[in-house]
Structure formats: structure tokens, C-alpha cells
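Participant: A single structure is presented below for examination.
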Amino acid sequence: MSRKFPIAAVVVLLSAALAAGCVGPSASSRDKIQRALSVNTTTSVDEYLLGATDVVQVSVWRNEDLSITVPVRPDGKISVPLVGDVQAAGRTPQALADDIENSLARYIRQPQVSIVVTSMGSHEFSHRVRVTGAVEAPLSMPHRPGMTVLDIVLSAGGTTPFAALNKSMLYRKVGGEIVAIPIRLEDILNDGDVSTNYAIRPGDILSIPERSF
């Protein structure tokens with residue numbers, strides 16, 4: 001069973017390695033890299049899952065007294081009139097709506113429930129991307145569809161004169177495991193070779209080490 005590492009812990013470890021003059025862990029196996037790169041990058045999320053601190057608007061058609069706006073509690077549940085506590089965290093808005101409809105069917109005829117997420121607090125950090133190491137301004141920024149390695153490097157103000165560009169590494173969490181993907185940033189910037197200018201996923205970390213002197 002693979003060991004899970006929080007994204008924040010990965011950032012700390014990478015920063016410590018860079019400060020010590022290291023280039024960080026070696027690249028993952030080719031198979032792991034291919035699997036990581038095959039993950040869909042066309043959207044910010046494949047399917048939105050609710051989490052604690054999200055705020056949802058529960059609307060019951062023709063029953064305004066049952067319609068409420070509530071936050072998802074730390075225990076992952078929300079409270080709905082007539083129904084009581086309902087598990088929300090880890091579920092899609094549609095799955096939550098279907099569950100509430102099934103429960104309300106015991107009290108009202110053919111209930112129709114819709115869920116609107118009005119605040120996405122649970123994904124504030126998990127859906128960001130980060131650049132660390134030999135860049136002018138290390139940063140953490142929200143992911144945007146279509147974002148590439150070059151986009152986040154430019155957003156960080158470019159690289160420093162001491163950057164070991166072709167030793168850059170993109171770290172991506174896949175199935176609870178951190179996959180290290182080599183990035184040949186010098187080839188991208190100086191030679192126009194964009195073969196490693198990969199699309200960025202939410203949660204990705206780009207690490208650019210300094211050259212050893």
C-alpha cells in the first residue's frame with residue numbers, strides 16, 4: 001500500500017533539499033510518469049467533491065420552508081429540515097441531491113432537490129499549483145484550465161541566473177503517491193523544445209534547483 005504525503009509536507013521537503021544544495025529525489029519510473037501524465041488536465045477538477053467548509057444551497061422545488069443554505073460541518077455532514085444529518089463530504093452535489101430527494105420522499109410527494117455550491121472553501125489549497133526553488137518569486141496560485149509548465153514559470157517572474165533548468169522536476173500526486181516528472185526547462189526556454197511543457201494539474205508542484213558550483 002502506497003504511503004500518502006500531504007502536499008504541504010512535500011513543499012517543505014523540497015524546500016529543505018534545495019536549501020541544502022540538492023536537486024531532490026530522482027525521477028519516477030517511466031510507467032508511473034506515463035500514468036501521471038495521462039491524468040486529465042483539460043479541466044480544474046474531474047468531478048467536484050464536497051468537503052468541510054464548503055457552503056451549499058439546498059433548494060426543494062415548491063417547498064421554500066425546506067430550502068436552506070448551510071456549510072458542510074467538520075464531520076462532513078449537513079443538516080436538512082425533515083431529513084436531519086446527511087453525509088455531504090466526499091460526494092458530488094448531484095449525489096447529495098439524490099440522497100436528500102430519497103429521504104424527503106417519505107414526507108412529500110415527488111420532491112425535486114437541487115444543490116448549488118456557493119463557497120468552495122475545502123478546495124482552496126488542494127486545487128492550487130506551486131513553483132519553488134530558483135525562480136524570482138516562488139508562488140502558490142490557483143489552477144486554471146490550459147495552464148502549462150511555462151505558464152507557471154513566467155508567473156513566478158522567470159528563473160534566476162543560477163537555475164539548473166534541465167534538472168527541474170514536476171511533482172504530481174496520483175492515487176496517493178507522489179510522482180516525480182523530469183522537466184527540461186532549458187530546452188523549453190532556450191531551444192523551443194516544448195516536449196516537456198506539460199499541462200498542469202491542480203496540486204502540482206514545480207521544483208527548479210540551483211546549479212552546483
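Participant: Scan region 90-123 for residues that are without any contact (Cβ under 8 Å) to a residue 40 or more places away in the chain and either assigned to a strand (DSSP E or B) or not hydroxyl-bearing (Ser, Thr, Tyr) (or both) and report the count. So that I can check it myself, show each step before the final result.
Facilitator: Within region 90-123, the first condition is being without any contact (Cβ under 8 Å) to a residue 40 or more places away in the chain, and the residues that meet it are 94-95, 97-99, 101-103, 105-107, 109-110.
From what's left, either assigned to a strand (DSSP E or B) or not hydroxyl-bearing (Ser, Thr, Tyr) (or both): 94-95, 97-99, 101-102, 105-106, 109-110.
So the count comes out to 11.
Participant: A follow-up question, please. Could you pull out the residue among Val117, Val131 that is over 23 Å from Ser28 (Cα atoms) and either of a type in the set (Val, Ile, Thr) or surrounded by 20 or more Cβ atoms within 10 Å (Cβ to Cβ) (or both)?
Facilitator: Val117
Participant: Could you grab me the full set of residues in region 49-75 that are assigned to a loop (DSSP other than H, G, I, E, B), surrounded by 17 or more Cβ atoms within 10 Å (Cβ to Cβ) and not β-branched (Val, Ile, Thr)?
Facilitator: Here is the first cut: in region 49-75, the residues assigned to a loop (DSSP other than H, G, I, E, B) are 49-54, 61-63, 67, 72-75.
Add one more test, that the residue is surrounded by 17 or more Cβ atoms within 10 Å (Cβ to Cβ), and what stays is 50-51, 54, 72.
Across region 49-75, the qualifying residues are Leu50, Gly51, Asp54.
Participant: Next question, about the same structure. Would you check if there is a residue in region 14-25 being at pLDDT 55 or above and either touching a Ser or Thr at 6+ places or on another chain (Cβ under 6 Å) or more than 20 Å from Ser79 (Cα to Cα) (or both)?
Facilitator: For region 14-25, residues at pLDDT 55 or above and either touching a Ser or Thr at 6+ places or on another chain (Cβ under 6 Å) or more than 20 Å from Ser79 (Cα to Cα) (or both): present.
Participant: Is at least one residue of region 181-192 touching a strand residue (DSSP E or B) at 6+ places or on another chain (Cβ under 7 Å) and among the β-branched types (Val, Ile, Thr)?
Facilitator: Yes, region 181-192 contains at least one residue that is touching a strand residue (DSSP E or B) at 6+ places or on another chain (Cβ under 7 Å) and among the β-branched types (Val, Ile, Thr).
Participant: Answer with yes or no whether Gly175 is under 22 Å from Lys32 (Cβ atoms), at pLDDT below 95 and surrounded by fewer than 22 Cβ atoms within 10 Å (Cβ to Cβ). Step through it out loud before you land on a result.
Facilitator: Numbers: under 22 Å from Lys32 (Cβ atoms): yes; at pLDDT below 95: yes; surrounded by fewer than 22 Cβ atoms within 10 Å (Cβ to Cβ): yes.
When the stated conditions are applied, Gly175 passes them.
The values are calculated or read from the model by the stated rules, or taken from the named source; none is laboratory data. Please read these numbers as outputs of a predicted model, since none were measured by experiment. As a convention, Cβ positions derive from the backbone with ideal geometry for all residues, glycine included, and neighbour counts pool all protein chains shown.
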